[in-house]
1. Counting only trypsin sites (Lys or Arg not before Pro) that are in a DSSP loop and have at most 13 other C-beta atoms within 10 Å, tell me the longest site-free stretch of the chain.
2. Can you sort Leu29, Leu126 so the residue with the fewest Cβ neighbours within 10 Å comes first?
3. Calculate the dipole size of the stretch 70-287 relative to its Cα centre from +1 charges on Lys and Arg beta carbons and -1 charges on Asp and Glu beta carbons; express the result in debye to the nearest 20.
4. Could you sort out which of Lys198/Lys279; Lys118/Lys215; Lys116/Lys186; Lys118/Lys194 sit more than 24 Å apart by Cα distance in this structure?
5. With the crude spin-label approximation of a point 7 Å out along Cα→Cβ, what separation in nm comes out for Phe62 versus Leu126?
6. Once phi is turned into θ = phi - 60°, what whole-Hz ³J(HN,Hα) does the Karplus curve with 6.51, -1.76 and 1.60 give for every residue of the stretch 20-29, x standing for Gly and Pro?
7. Neighbouring Cβ atoms within 10 Å as the yardstick, rank Glu70, Glu11 fewest first.
8. To the nearest Å, what is the center-to-center distance of the stretch 106-179 and the stretch 21-52, using C-alpha atoms only?
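Bear in mind these aren't lab numbers, they're just calculated from the coordinates by the rules spelled out. None of the values given here were measured: they were computed from a predicted structure. So basically every Cβ, Gly included, is an ideal-geometry build from the backbone, and we count neighbours across all protein chains shown.
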Amino acid sequence: MTNLSNYEKTEKKVSVRKKFFNVIVYTLLSIWGLMVLFPFYWMILSSVKSYSAYSSEFVPKFFTLSPTLENFFDAFTAVPLADYFVNTLIFTVLTTAVMLAVIIPAAFAFARLNFKGKNLLFTLILALMMIPNELVIITNFTTITNLDMRNTFSGLIFPSVMSVFYIYLLRENFAQIPDDLYYAAKVDGTSDFKYMMKVMVPICRPTIITVTILKVIECWNSYVWPRLITDDQNYFLVSNGIQEIRENGFGRENIPAMMAAVVVISIPLIVLFLIFRKKIMEGVARGGTKG
């Protein structure tokens, strides 16, 4: 009885410590979550405040009793934001599609095919990750300018279709697939391309979806390269539109309209993440799993 009583006391102490630890963890997570979400809340709140109400607030208010959508109309009329949306959509879709067509065969070749100098070539490609992006941008800018591809979708897209990190990530996923499947497929007369499309791509679909979504987000948020390579409004992206609103003085004066434009641009990415968040988490977890 004494031993049982001591065991119960020990269990209660462990349970109390565990509950106390959980309370601390969830409290810290809640505080961190509020800190992360507050800028988004403030952005949305500012976008629905009228210009007069926002300007008259000497002390910022964390709510509004008279929300308005006028700022969204002002944002779309200040610059041709709708046209920039279309340009960004074209740029994002084409860049992502071409990138997948490049990195999937490349990752398959490094993961499954045997050819002379494969390891050396893969090491050299990984070494490219050590080069600062600023140097790559300078080289790309010079190349695109010399090819007379400025202010074209080709000039926007081509420098963005290669990603060493995504090749590495897919290569690690492809390498986890047992070799027996490949040898069995070869015995049946399956070509390498068919094996890649029918076996490896479906198995690694979560990672491919993750790479696709990350690339879409990267293209949608792209700012430096479009800013350098385009000075024609017909090829501006939404990032250029936001900068144009700020530079023409309208955004600096009318902060609610500026926030409204940012909200409109952010919504597609937020919706995309909410829809595919499970796939993203699964793909990232799979990418970090060996064996």
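1. That gives 117-289 as the longest site-free run.
2. By the 10 Å Cβ count, ascending: Leu29, Leu126.
3. 960 debye
4. Lys118/Lys215
5. According to this spin-label approximation, the distance is 4.8 nm.
6. Calculated HN-Hα couplings, in order: 5, 4, 5, 4, 5, 4, 5, 5, 5, 5 Hz.
7. Glu11, Glu70
8. Cα centroid to Cα centroid, the span is 38 Å.
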